[in-house]
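The values are calculated or read from the model by the stated rules, or taken from the named source; none is laboratory data. From a predicted model like this one, the values you see are computed outputs, not experimental measurements. Glycine gets a Cβ as well: all are built from the backbone with ideal geometry, and neighbour counts include every protein chain shown. These area figures cover heavy atoms from the full protein model, side chains too; ligands, DNA and RNA do not enter into them. Shrake-Rupley method; radii C 1.70, N 1.55, O 1.52, S 1.80 Å.
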Protein chains: 2
Amino acid sequence: MFRSHTCGELRDTHINKEVTLAGWVQKTRDKGFMLWIDLRDRYGITQLIFDEERSSQTLMEQAKTLGREFVIQVKGTVIERTSKNPNLPSGDIEILVSELIVLNKSLLPPFTIEDQTDGGEELRMKYRYLDIRRNPVKNNLIFRHKVTQHVRNYLTNEGFIEVETPYLIKSTPEGARDFVVPSRMNEGQFYALPQSPQTFKQLLMVGGIDKYFQIVKCFRDEDLRADRQPEFTQIDCEMAFVEQEDILNVFEGLIGYLLKEVNGVTVEKFPRMTYEEAMQKYGNDKPDIRFGMGFGELNAVAQHKDFNVFNQAELVVGIAVPNGNEYSRKDIDKLIDWVKRPQVGALGMVYVRCNDDGSYKSSVDKFYNQDDLAKWAEITGAKKGDLICVLSGNATKVRKQLSALRMELAEHLGLRNPKEFAPLWITDFPLLEWDEDAKRYHAMHHPFTSPKSGQLELLETNPGDVKANAYDLVLNGIEIGGGSIRIHDKKTQALMFDYLGFTKEEANAQFGFLMNAFEYGAPPHGGIAFGLDRLVAILGGQETIRDFIAFPKNNSGRDVMIDAPAPIDDAQLKELSLKLDLKS
Amino acid sequence: MFRSHTCGELRDTHINKEVTLAGWVQKTRDKGFMLWIDLRDRYGITQLIFDEERSSQTLMEQAKTLGREFVIQVKGTVIERTSKNPNLPSGDIEILVSELIVLNKSLLPPFTIEDQTDGGEELRMKYRYLDIRRNPVKNNLIFRHKVTQHVRNYLTNEGFIEVETPYLIKSTPEGARDFVVPSRMNEGQFYALPQSPQTFKQLLMVGGIDKYFQIVKCFRDEDLRADRQPEFTQIDCEMAFVEQEDILNVFEGLIGYLLKEVNGVTVEKFPRMTYEEAMQKYGNDKPDIRFGMGFGELNAVAQHKDFNVFNQAELVVGIAVPNGNEYSRKDIDKLIDWVKRPQVGALGMVYVRCNDDGSYKSSVDKFYNQDDLAKWAEITGAKKGDLICVLSGNATKVRKQLSALRMELAEHLGLRNPKEFAPLWITDFPLLEWDEDAKRYHAMHHPFTSPKSGQLELLETNPGDVKANAYDLVLNGIEIGGGSIRIHDKKTQALMFDYLGFTKEEANAQFGFLMNAFEYGAPPHGGIAFGLDRLVAILGGQETIRDFIAFPKNNSGRDVMIDAPAPIDDAQLKELSLKLDLKS
């Protein structure tokens, strides 16, 4: 062992002890006759001291040659500091060094190894091994480990078995694109990397492993939006002999446990909301309920007046911005510009100032009197001093626009406190969603989701109205998990594939094994999967997942540190019976 | 919830309780006026009873329609059994059923769902979801979960952090073949699936995460020998600021803990043996030391007599078979035939019977007298009643042959007790191994292994003699883990690549990121990786790994259940800028 102690553990109780430490030179203060070094390792920083009186000349000279990030080993005595540093756990002591060994030199790092670094994103990714030395990244990785250990221990105590499902599986055209893996031993054939272990966990249910989980990598060859990774980690779970209520309870238990253990926050009972309610009240199926500003629908009170914009709209809907009457005319103009940006797409915004004297002043005073506006205030819950913002138009679009505005305002108003946690179940998702491009319905969750009992018949007449036994768990406005009760009989599953446009042959080729399995006594079952990267980031009080992943890829799916992907040589291609067929 | 209790928990304390159970029909005994069903779930079996007196006629009739593996839900009362079954934990009670719901029917399963099944290997693989219902397979999966939980908890308590490393990395031609993954977003380029997270864990050491572990899938596109899988799971570990001794101690702790917790076996201190000793004493770098039969080298006492076969041999070496004198002439002839099989390849075998009266009778009595043979007995440790088996020839080959014979004999003699555990560290592996085909040296472990200090110079003169800081952990004759202290400076690493035949450009293209990292203060580090599949199988008292893997592949790397790999469609190939280039 290169050390007797870490750089984080020495205290005044160790004074006069001979110790050996090893670590990185964080920084050097050289006063000529005296020299201090901050020695850093994973556990902390300990100050080393060299001085003319007590250190040999050789040692002093040697110490002066050390650069930042040199790896050194020192032997010395723990002594009391003359000027203590109350900000450092080891700040009461320092090490009077008697021996110094340079274990490895270092070039000058391309960015500073400090909590606030001067390195940009790309540079930090290229030298990720240096970035990981920084406390914020290192602590995130340790935090992630802690969370996953809690998850595993909790689920194990609840009787769940972690089962590893295969990574080399079969490609299925449904959903996002698969990454494929050519097989050398089976010429012209390919494995696919799993987008999720969905079918395997269902087979485990058929196999009687009635409580399964797995923390597992999944893969999607999607065009990467910001903060998406081609490989990501799921907490994948499934249970047999359960109904939706059971799953919600068990996994409310898990997330509640994490909030308690990791964040010290107790949430007694997670609120629930149907998809329809969420869309109506927040214009969003993952509302952030750390703050209010619920939607108030104003059709009844705002239409049938002389304001044609509202009269022609499918939906007139507003929110009350707390203390929004403080906004200047210029502030409000900025908001109007903001909702009119193409990313949001509103045509305009009507507003009502709720004055402290109880009167109202609106941008549509020509059409609405004080009594009208008082009704608006009542419906949106606006109080004196608030501002009511109202959008109108196509219901789906306007809800989305107002939801965006709500989030933007909350951000500005500091209502999105990362130390506050507001979980929320969304239930009763539609089974299908309309694909405008393909002019047909797709499974909203996936084709294994069961419709609500008695609704299967609606498929023929009102497919968009069929509700599924599907649910999401939302935390602080971010979907952290989702799942469903599955279909467990062959007939319904075949019907669903048929409905989703699979021919019998396609359904059989791709999912025949699952439908076969359903013929041998498949139990009722359902499950949920959580996105671990995102869950960890939110519990850690942050929103970007990248710094909770040790070696993330950039937005082009590249690992800029190892420079992957990369060309492979012809011999390797030939062995795989492949030829490149480049477009450019 | 479909049940109030599982089929494994009801006891006589529950008598008179109303319960709801759900599970599979294991078997039905129908006496006409009375009918019993064994209902099975993950937790056990509970007997259901229907009879003419107490059950309605409808219920009786319904019960008679149930086939094997039907999934049912029953409500009923726990009653005392008239004839108890002491072999069943729930054998004191049965359920008088009042309500029966068929949750799902089942076709007749293609093999029996019993501990001893009538299903062959391929059939069981195809219907793996049914195979998993069988206790032996189900219990293996549960056992695997238990072992991995112990591993994670132990290492976490020791301060290790589990860090996920990427699955989409870069292909390197060194070692076994990589599986590659074409990148759609980076035309003509490929990721590779990791054969191990080797370079990433070393980068984590450079990053200051000084105790890392990960239970992680690895991939090798090798021609599959029996009991190898293209995807397998490792317990991958690395530590910084350590020497070999530290690693051996920490991971002896881990395996000792598992033996204690999982098997109830205490092994005080794992013995150690150098590679050279192991080869000399057991002809094998992974000797099974649950039994003796160490090699006795007989050159000094068996050569320079008139027996030319021995005189011309590089090595004459024998083992004493306990009580082997009981073997008939026919038995011994069988042994001789066995060693002469092409798989073993010996030209013949000399034997010496050690009679109970202290005399010897050998197959070479013409050349050796009783005194000679007494010396053989002394050197091989043969006692009265034993049989000495002697092989001769080229040292490397003959050691291998005798090792094979030793294992074969031990198997026959029942010395390989799966309930006994004999771990053994093998140390001081050679750095390089000669590749007869390529006529050059390869890294025996991998190119990141450090040579023993002061031996680097030997590379030029006697490369085969250079010893590495490399070690294996052997359990019951099977290598369960291996590792090394790594090179941590750029110069040595570059030298090693150069020595292994990499050009500077190749070394840079493939491992430039690692050598760069070594320039920024890489600490001394080393690690080990355990094969989880095999470790779990051995701890479970078995040798084949396949039944400890939920969904294994067959010897052609196929998943016969989902029928993967499989062709993908042209559109998918085109998107990946690939064309098939089939040989046949």
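Computed values, structure above
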item	result
Loop-resident sites, the range B:227-302, for trypsin sites (Lys or Arg not before Pro), counting at most 11 other Cβ within 10 Å (DSSP)	B:Lys269
Two-decimal log10 I(q)/I(0) for the range B:291-415, as the Debye equation yields it once each C-alpha is a single scatterer, q = 0.13, 0.17 Å⁻¹	-0.44, -0.79
Two-site FRET efficiency, A:Glu18 against B:Glu121, from Cβ-Cβ distance with R₀ of 60 Å, rounded to 0.05	0.45
Two-site label geometry, A:Asn417 and B:Asp337: point separation in nm, points 7 Å out along Cα→Cβ	8.5 nm
Contact order relative to length of the range B:279-421, as percent, for alpha carbon pairs under 8 angstrom and 6 or more apart	35 percent
Inter-site label distance for B:Asn554 and A:Asn394 at 7 Å from Cα along Cβ, in nm	5.3 nm
Fraction of antiparallel bridges per DSSP, the protein assembly as shown only, in percent to nearest 5	95 percent
Cα centroid separation - the range A:152-171 against the range A:444-495, whole Å	23 Å
Placed amide H near B:Val265: partners under 5 Å, 5+ positions off or other chain	B:Lys260
Average beta-carbon neighbours from other chains, 10 Å sphere, peptide B:197-207	4
Part-to-part distance (alpha-carbon centres) for the range A:254-300 and the range A:182-253, which is given in Å	26 Å
Orientation-averaged projected area, Cα convex hull of the protein assembly as shown (nm²)	60.7 nm²
Whole-percent carbon and sulfur share, accessible surface of chain B, 1.4 Å	47 percent
Between helix A:395-412 and chain A: long-axis angle, C-alpha atoms, 0 to 90°, nearest 10	30 degrees
Partner chain coverage, peptide B:132-138 - average Cβ within 10 angstrom	3
Within the range A:12-104: Cβ-based charge dipole about Cα centre, in debye rounded to nearest 20 (Lys, Arg +1; Asp, Glu -1)	260 debye
Relative contact order [Cα under 8 Å, 6+ residues apart], the range A:425-550, whole percent	22 percent
Overall form of chain B per C-alpha gyration tensor (a/c, 1.5; a/b vs b/c)	oblate
Where trypsin sites (Lys or Arg not before Pro) fall in DSSP loop in the range A:329-404, at most 10 other Cβ within 10 Å	A:Lys366
Sequence-separation-based contact order of chain A, relative, with Cα cut under 8 Å and 6+ spacing, percent	13 percent
Reduction of at least 30 Å² in accessible surface, 1.4 Å probe, comparing all protein chains with the chain by itself, residues of the range B:1-22	B:Met1, B:Phe2, B:Arg3
Global geometry of the range A:477-584, whether rounded, prolate or oblate, following the gyration tensor of its Cα atoms and the 1.5 cut on a/c	oblate
Where labels lie 7 Å past Cα in the beta-carbon direction, separation of A:Glu408 and B:Ala571 in nm	3.7 nm
Estimated FRET transfer efficiency (B:Asn311, A:Lys75; beta-carbon r; R0 51 Å; 0.05)	0.30
Alpha-carbon centroids, the range A:514-584 and the range B:363-441: separation in whole Å	48 Å
In Å, descending, principal axis extents of the Cα set of the range A:507-569	49, 44, 15
Residue-by-residue Karplus 3J(HN,Hα) for the range A:455-472, coefficients 6.51, -1.76, 1.60, Hz, glycine and proline x	9, 4, 5, 4, 3, 6, 9, 10, x, x, 8, 5, 9, 10, 7, 10, 8, 10
Distant-in-sequence amide H partners of A:Thr20 (H built 1.01 Å from N, under 5 Å)	A:Ser4, A:His5
Phi-based couplings in Hz for the range A:247-262 (Karplus 6.51, -1.76, 1.60; Gly and Pro marked x)	5, 4, 5, 4, 8, 5, x, 4, 5, x, 5, 4, 4, 6, 6, 8
Cβ-derived FRET efficiency at R0 41 Å, A:Met1 paired with A:Lys383, nearest 0.05	0.05
Cα gyration tensor shape for the range A:127-205, rounded if a/c is under 1.5, else prolate or oblate	oblate
Ordering of A:236-246, A:507-517 by burial proxy (mean other Cβ atoms within 10 Å per residue, highest first)	A:236-246, A:507-517
Karplus-derived 3J(HN,Hα), 6.51/-1.76/1.60, for each residue of the range A:344-353, Hz, glycine and proline x	9, x, 6, 7, x, 9, 9, 9, 10, 7
DSSP-loop GluC sites (Glu not before Pro) across the range A:454-483, with at most 15 other Cβ within 10 angstrom	A:Glu457
Gain on full stretching of the segment that runs from B:Lys375 to B:Lys583 - 0.36 nm per residue minus C-alpha separation	68.7 nm
Under 5 Å, built H, 5+ apart or other chain: amide partners of B:Thr233	B:Cys218, B:Leu532, B:Asp533
In the A-B interface, the accessible area buried, summed over both sides, Å² (probe 1.4 Å)	11400 Å²
